[in-house]
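Below is one structure, written out as C-alpha cells; comments come after it.
The values are calculated or read from the model by the stated rules, or taken from the named source; none is laboratory data. Note that the coordinates shown come from a computational prediction; the quantities given were computed from them, not determined experimentally. As a convention, Cβ positions derive from the backbone with ideal geometry for all residues, glycine included, and neighbour counts pool all protein chains shown.
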C-alpha cells in the first residue's frame, strides 16, 4: 500500500521515518516525497579513443571499487553552481537528504516528469529502496535528450514513493536494525503502522493530533 501525504507526516512525526535535513511541507505531494539534489557528483571516465575497457562483474563484483577506480568526483558550488549533463552522458549523484526507513516501510525512486520530458532519467532500472535502509540515495542520472541540461544543487530531482510491507521484514540491511524477531502480534501491529485500526485495517485517529508543517490547525482523518 502506497502511503498518502497524511500517512507520510504521521510516520515522520512518530519518529519511525526519518529525513535529515528535515523535509519541508512543499516537498510532500499527495503520495510521494520530493528529494533534492546534492552537490556531489561522480563522472565515470570514458576510455581513450581506440581503447576498450571491459568490466567483468564475475571476476570483480565490487562495483564501488570499480566506480572509485574509473570515477572522477565533482563538487559543485551549492549556491551558484550547476552540473551540466550533455546528451548521451551519464553521472552518479547523491540526493541531499539522508533517509532512515523502519522495517515495515519500503520505497522506490521515480523521476520527475518535468525532467523526463527533456530526456533526463534518474535511475537505471534500480528504483528499489529496501526496508531498514539508512543513508543518502545515489542516483544514476543519464541524458537521452538532445539538450545539455543544467542540474543545480537543491533542485527537486526525484520522488520517493513509500509503501507499507505486508509484514515487517525479518532481515535487515544494516546491523543497527538487528534485534530479536517480533512476535506475531507485534508483526501484525507494525505491518499496520501506528495509524491503522487493528480490527478493520482502516485509518484511525492518532493518539495525539498531528500538524502538517506550515498549518496552525491540527489534522485528523475524517
Of the residues in region 19-54, how many are surrounded by 11 or more Cβ atoms within 10 Å (Cβ to Cβ) and within 28 Å of residue 133 (Cα to Cα)? 22
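Residue-wise test of (1) within 17 Å of residue 157 (Cα to Cα); (2) part of a helix (DSSP H, G or I); (3) touching a strand residue (DSSP E or B) at 6+ places or on another chain (Cβ under 9 Å).
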| position | (1), (2), (3) |
| --- | --- |
| 16 | no, no, yes |
| 33 | yes, no, yes |
| 36 | yes, no, yes |
| 43 | no, no, yes |
| 51 | no, no, no |
| 54 | no, no, no |
| 91 | yes, no, yes |
When you go through 111, 154 one by one, which is the residue that is surrounded by 17 or more Cβ atoms within 10 Å (Cβ to Cβ), in contact (Cβ under 8 Å) with a residue 40 or more places away in the chain and in contact with a strand residue (DSSP E or B) (Cβ under 8 Å, 6 or more places away or on another chain)? 111
Within region 96-140, count every residue that is in a helix (DSSP H, G or I) and within 14 Å of the chain's Cα centre (by Cα). 0
Considering region 59-89 alone, what residues qualify as being under 16 Å from residue 40 (Cα atoms) and part of a loop (DSSP other than H, G, I, E, B)? 76, 77, 78, 79, 80, 81, 82
Go through 59, 45 for me and flag whichever is touching a helix residue (DSSP H, G or I) at 6+ places or on another chain (Cβ under 6 Å) and modelled with pLDDT under 95. 45
Candidates 139, 101, 92, 118, filtered to the one that is at pLDDT 95 or above and in contact with a helix residue (DSSP H, G or I) (Cβ under 8 Å, 6 or more places away or on another chain): 92
